[in-house]
Each structure stands twice: as structure tokens, then as C-alpha cells.
Amino acid sequence: MSAQNENQQRSRRPVRVWVDGCFDLMHFGHANALRQAKAMGDYLIVGVHSDSEIEKNKGPTVMHEEERYAAVAACKWADEVVRDAPYNTTVEILDKYNVDYCVHGDDITTMADGTDCYQAVKDAGRYRECKRTQGVSTTELVGRMLLMTRDHHKRKTSVGASSLASLSTEDLGSFSSGPTKASSNTGVSHFLPTSRKIVQFSEGREPAPTDKVVYVDGTFDLFHTGHIEFLKRAKALGDYLLVGVHDDQTVNAIKGVNYPLMNLHERVLSVLACRVSYSSTLNAIVTTQPFFGMIPLFYVDEVIIGAPYSVTKDVLGKVYKVDIVAHGNTPAETDVDGKDPYELPKSLGIYVEVENPNASVTTEGIITRIIEHRKIFEERQRRKNAKALLEAEQERLQQENK
């Protein structure tokens, strides 16, 4: 590269990109949208709508706004998070944050009155599209949880197989119309994992010879702020964080017929997308005003896909030499043989318990929120399906007018 080109590269103003959304039950589909948006520029600002704005335009949220702000801030592609972002994206909001353009998925999103949320920025030529991740959505995840209260869901399945995996589209009943052109995000998940997607989410960093390797494991189902805080505290114990994610059959054998709600690859992608720390010299990443110079640091460094439920010699030595095995300060369920899954690291003196202030946020607790307010969320699903039909019709008309 010539000296002139080097100077031009240094003087080029960073491209600032805006993405906004609800990010309810933050999942790998959301993370993939942020990954794609970040690749279109240099600095990614993520606007997150408040509970009241979402209630007005879509219906009630599962996760509260503070939980949603924290979940988005923990995604490694987000450089800055803006609280209480307006539901209707305007040129004024882009100008306020010195943004070059807005990015959204290749589907229409409308206000309560049916108008396109992004029409203003489209008209201004400051709109870009990314590919929506097929096979996952918040609506579909809520549908899976609603199914947990249906008697017919507790069907006989093969040993070690989750009953959720055997569901047909018809099983979703009144709260899903199935994956159709008009409503592609409301059926049973048909996410197809690929090696490319794993690579896109991975860091690919090996531990340095002097790095202290920390190992943690778990189900990480419905990845949430309780998981995020635990991983952040585990990473602080060393330099390199290795995370074991149990396979579907193992989780089902330990936790029971309804688990896991998300399959192994969905859960692995959620873990890989997680940032677990920030520079100690910086303030909170969640802001209400423009904030520059955010430098995200440590990530989940590597994942063992389908890790055994009990920590073994292979786990401690075959991937990397593990120095610390960490677990939350909640009791671990015994393995199928009745033994403590952390017996080996405890005997070696490398087991550490981690206090988790967010331990009250659990996968079971999130499911309880849905079940206790079943009628509210079934109505939410109905409203979203009706809205999806209107949005699909608008998209069809737009295509015809091109």
C-alpha cells in the first residue's frame, strides 16, 4: 500500500450504521442481523425500543426493557446501544447519532397504523437491507413455550429425544398459522445449521501459552441475561473462556421431556455471539446520548459443541489444558448415573463457584412468564399473525410496482 493510500485510509471517517428493534428473547437471528449490519460499516449503533412503544405497536414483551438493553449490549457486534429508540425510524434520529445509514432485514416492519417504519429513511437513500435468518423468531420461540402447557405435547418419544423436535406445524394450533409466505416467522423452527454460520460467529483465537483457561458448561437454553452475567464473571477468573454446550439428548435426559426449547446449534450460536466484558476504562455501553470510543474486549473464546454433562479428563485436557472449572452458586443436577458432574474438578482443586447477581433470571422463569400470562401471549401471537399478513400484502404490492 502506498503512503498516499495509507493516509487516505487513516483519514477516512468511520462508517456509522444504525439498527433498531425490540430484541425480545434476544436470539441468534438477532445476533446475525447485527453481524451483517456491522459488516456494512465500522461502528454499529443499536436502538432498542421501550416496553411501552412495543406494547403500542406489537403487543407485550416477554423480557423487560432493562433485560433487553443488557442482552443487546452483550452481543459482540454492537458498539453502542441506545435506550428507548423510536419505533418509527426517522432521518432525524440518524442525524442525531451521526449515522450514515440504517440497516434492517428483508421484510417489512409496520407501525400500528400500517405505515412502513423505515419509509422516511428509504426515501432519503439511507437504508440498507440484510438477510433475515430463517427458522427463528421471537414469535416462534413464544409458540414453543406455549406448547409446553398442552397435554398433547407430552407425547411418547424415543429415548433421549426432545418432544419439541417431533412437533409438526399443526401442533402450534391457534397461536401459529405455520410457515407460509404471508407469515414465515410463526411456524415450528426449521433452522438448518451450517458450518459457515458457525465460522461467521466464531472468533478463531487460540489461547496463548501463558493464558489461564477457564471452562464452564451448561444448556444455555433461551440465552438470557443470567447466562451473560455468569459468563462475564467466569471470564474474569482467567484469560481464555472455553464453554461446553450440552447436546439435545443430554439436556432432555437431565431436564425432562420439554427441554431443550432450542436445539444444540441454536444454543451454540447464541453463546458464540456473546461479549462477556468491556474495557475497564470505559463506562456503560448502554447510552441515551451519542457516545464514542467504546472498545469491546473479551468474548467467549471457544465452544465445545455437545460437551458431556459431567466434566471429564478429556474436557480438561484434550481441547486445551483447563486451569479452572467454574459453575454458578446454584446446585447442579446430578448426572444420569446419580453422580456429581463436577466431581473430577473438585477432586483436582480447580473448581470455583461463581456468585451471579442475575441468578433470578432463568430459562424456567422465562417460561413461567409465558405460561402465567398464556391468554395475553396467545392474543399477542394472533395480533402478530394478522399484522404479518398485512405486511406481506404490502410487500407484494411494492414488488408489483417496481
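A compact table of results
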quantity: Hey, L348 modelled with pLDDT of 95 or more, within 18 Å of G244 (Cα to Cα) and not acidic (D, E) or not; calculated: no
quantity: Positions within segment 221-242 being hydrophobic (A, V, I, L, M, F, W, C), farther than 20 Å from M148 by Cβ, surrounded by 21 or more Cβ atoms within 10 Å (Cβ to Cβ) and out of contact with any Asp or Glu (no Cβ under 7 Å at 6 or more places or on another chain), in sequence order; calculated: I228, F230, L231, A234
quantity: Filter result (assigned to a loop (DSSP other than H, G, I, E, B) and over 23 Å from Q36 (Cα atoms)) within segment 48-83; calculated: S50, K58, G59, P60, T61, V62, M63, H64
quantity: Residues (without any contact (Cβ under 8 Å) to a residue 24 or more places away in the chain and in a helix (DSSP H, G or I)) located in segment 344-359; calculated: K346, S347
quantity: Selected residue (criterion: farthest from F28 (Cα to Cα)) from residues of segment 211-260 that are among the β-branched types (V, I, T) and in contact with a Lys or Arg (Cβ under 8 Å, 6 or more places away or on another chain); calculated: V213
quantity: Filtered residue count, segment 65-105, keeping only those that are surrounded by fewer than 16 Cβ atoms within 10 Å (Cβ to Cβ) and farther than 30 Å from D301 by Cβ; calculated: 7
quantity: Test: F23 is buried (at least 19 other Cβ atoms within 10 Å of the Cβ) and modelled with pLDDT under 95; calculated: no
quantity: Segment 317-343, residues that are touching a helix residue (DSSP H, G or I) at 6+ places or on another chain (Cβ under 7 Å) and either more than 22 Å from T362 (Cα to Cα) or β-branched (V, I, T) (or both); calculated: V322, V325, V336
quantity: Candidates V62, V48, V17 - the one that is on the phi < 0 side of the Ramachandran plot, in contact (Cβ under 8 Å) with a residue 40 or more places away in the chain and touching a strand residue (DSSP E or B) at 6+ places or on another chain (Cβ under 8 Å); calculated: V17
quantity: Close pairs (7 angstrom Cβ cut-off, 6 or more residues apart or separate chains): farther than 15 Å from V213 by Cα in segment 306-320, exposed (fewer than 14 other Cβ atoms within 10 Å of the Cβ) anywhere; calculated: S310/K339
quantity: Checklist (1) crowded, with 23+ Cβ neighbours inside 10 Å; (2) more than 21 Å from I93 (Cβ to Cβ) applied to A39, failing item; calculated: (1)
quantity: Meets criteria (part of a loop (DSSP other than H, G, I, E, B), at pLDDT 85 or above, of a type outside the set (V, I, T) and over 22 Å from G29 (Cβ atoms)) for G114; calculated: no
quantity: Those residues of segment 317-338 which are within 15 Å of L241 (Cβ to Cβ) and either touching a Lys or Arg at 6+ places or on another chain (Cβ under 8 Å) or not in a loop (DSSP other than H, G, I, E, B) (or both), in sequence order; calculated: D323, I324, V325, A326, H327, G328
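The values are calculated or read from the model by the stated rules, or taken from the named source; none is laboratory data. Note that the structure is predicted; figures quoted are calculated from it, not measured. Reconstructed Cβ throughout: ideal geometry from the backbone, glycine too, with neighbour counts over all protein chains shown.
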